Amino acid sequence: MARLSEHGIRLSSMSPSFLNSNSTSHTWPFSAVAELIDNASDPGVCAKQIWIDVVKISDELCLTFTDNGSGMTPNKLHKMLSFGFTEKGSGKASQNAIGLYGNGFKSGSMRLGRDALIFTKNGGCQTVGLLSQTYLQNIKAQAVIVPIVPFNQQTNILFKREGYSEASLAAILEHSIIKSQEEILTHFDSIPSKKGTKILIWNIRRAKDGKTEIDFDSDSSDFRLPEIHLEELKQGLRNSGTLRPEQNIPDMYYSLRAYLSILYLKPRTQVILRGKKVLAKLVSKSLTHIEHDVYKPQFSVSFCHLLIFSS
Ligand SMILES: Nc1ncnc2c1ncn2[C@@H]1O[C@H](COP(=O)(O)OP(=O)(O)OP(=O)(O)O)[C@@H](O)[C@H]1O
Ligand SMILES: [Mg+2]
């Protein structure tokens, strides 16, 4: 039956195919990774560390992003798995927030793989949620639905509340990479602090030749883009005039470790990639000429911004 608003008017719904369309805004996988790190370091979450790894579960390669930030309540997790909801636009902390649109998690995670599980603990409650193109396809869903299951953090007993039913648990166990309630609890336990979030992404994107688009093998402490992508990239950068013919592609384009080392002007969260800390390079300190400018946008309270020019 069609769901109606409180005005008795039909609610809009979202086609499962939108999950893929929406992810195409990321033409490069590393910008999708950045979305997940932004979320961990944003005000309100404030993770001190985020661990990025690639692991095998039931013989399938999975990406994991584990942070020790604030974690989420079941309602917050539902907003995370919905579109356009963000609380970062108001209040003092919003000045330092990277997130703005309530879309980065969806576009970023679905760019990296077809399916994601989110395990989150916020003190008192631990909740798992599923955003999965495979699940929606398996059940021939007409609209995006997101199974969410909360457990009591002390007793591990399922919280039964409206919208968080045993049907959600059954859907996760039948259609995700996790096959038992015990496994779910093991993932909560692998978050190293009382609060925090772990994102598990599988069915990771592959090229036409069947190989994963990210190369996990040639450097065991990095995620790299394979040579074949680099040629395409080089051509694109040369055509756009970003790269001169005699120049090589800077390593930040193909090494996630190099990219993350310069991603933030003021890093707030330590990134640990495959067990090894990413050393942040302060770009402003490595430039030959630095010029300060004052940026005063008309549309909001004035604040200063640092513009840096390199020669
Ligand atoms: N690792 C995390 N820990 C706790 N809360 C999170 C985490 N990741 C996302 N969230 C919550 O989910 C919400 C939605 O995240 P999403 O990235 O989709 O949007 P956003 O960060 O608000 O905006 P943007 O689209 O600009 O990234 C966030 O506003 C935040 O409340
Ligand atoms: Mg975000």
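The values are calculated or read from the model by the stated rules, or taken from the named source; none is laboratory data. All figures in this text were calculated on a predicted structure; none of them were measured in a lab. FYI the Cβ positions are ideal-geometry reconstructions off the backbone, even for glycines, and counts take in every protein chain you see.
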Can you confirm whether region 47-58 contains a residue that is assigned to a loop (DSSP other than H, G, I, E, B), surrounded by 14 or more Cβ atoms within 10 Å (Cβ to Cβ) and within 8 Å of ligand 1 (Cβ to nearest atom)?
yes
I'm checking my understanding of the structure. Among residues of region 253-266 that are in contact (Cβ under 8 Å) with a residue 40 or more places away in the chain and of a type outside the set (S, T, Y), which one is farthest from S286 (Cα to Cα)?
L256
Inspect region 28-36 for any residue being of a type in the set (S, T, Y) and either more than 16 Å from L112 (Cβ to Cβ) or assigned to a loop (DSSP other than H, G, I, E, B) (or both) and give the result as yes or no.
no
Test: T66 is touching a Lys or Arg at 6+ places or on another chain (Cβ under 6 Å) and either at pLDDT below 95 or more than 14 Å from ligand 2 (Cβ to nearest atom) (or both)
yes
Residues within region 144-175 that are closer than 19 Å to S82 by Cβ and either among the basic types (K, R) or outside any helix (DSSP H, G or I) (or both), tallied:
12
(1) near ligand 1 (Cβ under 10 Å from one of its atoms); (2) modelled with pLDDT under 95: which one isn't true of L81, the others all being true?
(2)
Condition broken by I98, with the remaining ones in (1) assigned to a strand (DSSP E or B); (2) at pLDDT below 95 satisfied:
(1)
Go through region 245-258 and give me each residue that's part of a loop (DSSP other than H, G, I, E, B) and either touching a helix residue (DSSP H, G or I) at 6+ places or on another chain (Cβ under 6 Å) or modelled with pLDDT of 85 or more (or both).
I249, P250, Y254
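Residues checked against (1) away from ligand 1 (no atom under 12 Å from the Cβ); (2) surrounded by fewer than 21 Cβ atoms within 10 Å (Cβ to Cβ):
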{"site": "N68", "(1), (2)": "no, no"}
{"site": "T73", "(1), (2)": "no, yes"}
{"site": "G99", "(1), (2)": "no, no"}
{"site": "G108", "(1), (2)": "no, no"}
{"site": "R111", "(1), (2)": "yes, no"}
{"site": "F119", "(1), (2)": "no, no"}
{"site": "C125", "(1), (2)": "yes, yes"}
{"site": "V128", "(1), (2)": "yes, no"}
{"site": "K140", "(1), (2)": "yes, yes"}
